[in-house]
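Worksheet for the structure shown next.
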Amino acid sequence: MDVIHHHPEIVVLVTDQRMPKMSGLELLIRVAEKKKEMINILVTAYSDLSLVIEAINKGNLYRYVMKPYNGKILRQAILQGIERYHLIKERDRLYAEHIEWLRNATKIQRLKEIGTLTAGLAHDINNSLVAVNTFLKMIPQKRGVDLLPIAASDPGEEPDAAFWNQFHSVALGEVERIKEMVNHLLHALKLPESEASGLLHLEETDLNTLLHETILLVENEAHKKRIEIKQSLDRTIKKCLVDSAKIRQVFMNLLFNAIYATSEGFILVKTVCDKEERVSIVIEDTGVGISEEN
């Protein structure tokens, strides 16, 4: 048993049924408990056939050789056992690859479903915001240009026009901000036809704007961990010819990685244009970093 344990390259076990301390079948059962993939061959006499059949039915025995055995037959059985071992290993490898492929396919399908759901939700939010936005914009017309509030509960109390004006302005601003975020989300979910075919859809793109829009999409995750996203954008950068959808995904992946790897501190997003008009985009964080071996 120790030999088999310390030598994983042993793949075929040949044993006689009649042995002094334990029977061959007992040995095979013990080996199967430790190494199920072992190919077991038993050398036995006619009187042991009932036990052999039982062992085969239980899956503890690959095949048996009758005494007195022929050397060529035994050698052939061993070679076939080795071949069977490697075939089983290859089958298991292919099966594992198939399972992994199915898992990845399931993940991709779930992501597509989430994308579809998110797009639908964003459209529903936009529809609701239209009603809220219309209501807020109509208030000045309905209440007068000074935006005086509905009469206070106390007839003698002067209405707080300053508070009303400020509240109305903030509410309108927040509605516009939500609309902008939803539009950014919808824009991020739209994949050009070229992306499906693997081709690049190149267009003149303002990278600073693209970065700022991407930061808006991930900023909420950063706030949950109390991480500040700082921006240092070089405004001298000209528009670059890129596939904006793919580059946006790159930016988003890098930012999410930075958020997940950072427990405190900040993330710095920086763009730089050198004298030769080469653009550098830097995303730094105060996270744990990558270990030396990786």
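List pairs: first residue in segment 281-294 and closer than 11 Å to ILE259 by Cβ, second residue open to solvent by less than 50 Å² (accessible area, probe 1.4 Å) and of a type in the set (Gly, Ala, Ser) anywhere in the structure, Cβ distance under 9 angstrom, at least six positions apart or on different chains.
Taking only residues 6 or more apart or on different chains, the pairs are ILE283/ALA258; ASP285/ALA258; ASP285/ALA261; ASP285/GLY265; GLY287/ALA258; GLY287/ALA261; GLY287/GLY265.
Return the pairs, sorted by first residue and then second, in which the second residue is in a loop (DSSP other than H, G, I, E, B) and at pLDDT 75 or above, the first residue lies in segment 22-44 and is more than 16 Å from MET66 (Cα to Cα), the beta carbons are less than 7 Å apart, and the residues are 6+ apart or on different chains.
Listed by first residue and then by second, the contacts come to LEU28/LEU61; VAL31/MET38; ALA32/MET38; MET38/VAL11; ILE39/VAL11; ILE39/TYR62.
Please specify each residue of segment 233-263 satisfying the condition of being farther than 13 Å from LEU211 by Cα and among the acidic types (Asp, Glu).
Scanning segment 233-263 gives a single hit, ASP243.
Restricting segment 58-85 to residues that are under 43 Å from the mean Cα position of the chain (by Cα), over 13 Å from VAL12 (Cβ atoms) and exposed (fewer than 14 other Cβ atoms within 10 Å of the Cβ), which is modelled with the lowest pLDDT? Working first, answer last.
Step one: of segment 58-85, the residues under 43 Å from the mean Cα position of the chain (by Cα) are 58-62, 80-85.
If we keep only those that are over 13 Å from VAL12 (Cβ atoms) as well, we get 58-60.
Retained after the next criterion (residues that are exposed (fewer than 14 other Cβ atoms within 10 Å of the Cβ)): 58-59.
Working: LYS58: 65, GLY59: 60.
Filtering segment 58-85 for residues that are under 43 Å from the mean Cα position of the chain (by Cα), over 13 Å from VAL12 (Cβ atoms) and exposed (fewer than 14 other Cβ atoms within 10 Å of the Cβ), the one modelled with the lowest pLDDT comes out as GLY59.
For (1) exposed (fewer than 10 other Cβ atoms within 10 Å of the Cβ); (2) in a helix (DSSP H, G or I); (3) modelled with pLDDT under 70, each residue gets a yes or a no:
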{"site": "GLY115", "(1), (2), (3)": "no, yes, no"}
{"site": "ASN127", "(1), (2), (3)": "yes, yes, yes"}
{"site": "LYS137", "(1), (2), (3)": "no, yes, no"}
{"site": "LYS142", "(1), (2), (3)": "yes, yes, yes"}
{"site": "LEU148", "(1), (2), (3)": "no, no, yes"}
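Looking at (1) open to solvent by less than 90 Å² (accessible area, probe 1.4 Å); (2) modelled with pLDDT under 80; (3) in a helix (DSSP H, G or I), which is the only condition LEU111 fails?
LEU111 satisfies all of (1) open to solvent by less than 90 Å² (accessible area, probe 1.4 Å); (2) modelled with pLDDT under 80; (3) in a helix (DSSP H, G or I) except (1).
Answer with yes or no whether LEU199 is aliphatic (A, V, I, L, M) and either surrounded by 15 or more Cβ atoms within 10 Å (Cβ to Cβ) or at pLDDT 75 or above (or both).
Spelling it out, it is not the case that LEU199 is aliphatic (A, V, I, L, M) and either surrounded by 15 or more Cβ atoms within 10 Å (Cβ to Cβ) or at pLDDT 75 or above (or both).
Out of (1) modelled with pLDDT under 70; (2) surrounded by 14 or more Cβ atoms within 10 Å (Cβ to Cβ); (3) more than 42 Å from the chain's Cα centre (by Cα), the odd one out for HIS184 is which?
Answer for HIS184: the failing condition is (3).
The values are calculated or read from the model by the stated rules, or taken from the named source; none is laboratory data. Note that the coordinates shown come from a computational prediction; the quantities given were computed from them, not determined experimentally. Note that each Cβ is placed from the backbone with ideal geometry, even for glycine, and that neighbours are counted across all protein chains shown. To get the accessible areas, we keep the full protein, side chains included, count just its heavy atoms, and leave off ligands, DNA and RNA. Shrake-Rupley method; radii C 1.70, N 1.55, O 1.52, S 1.80 Å.
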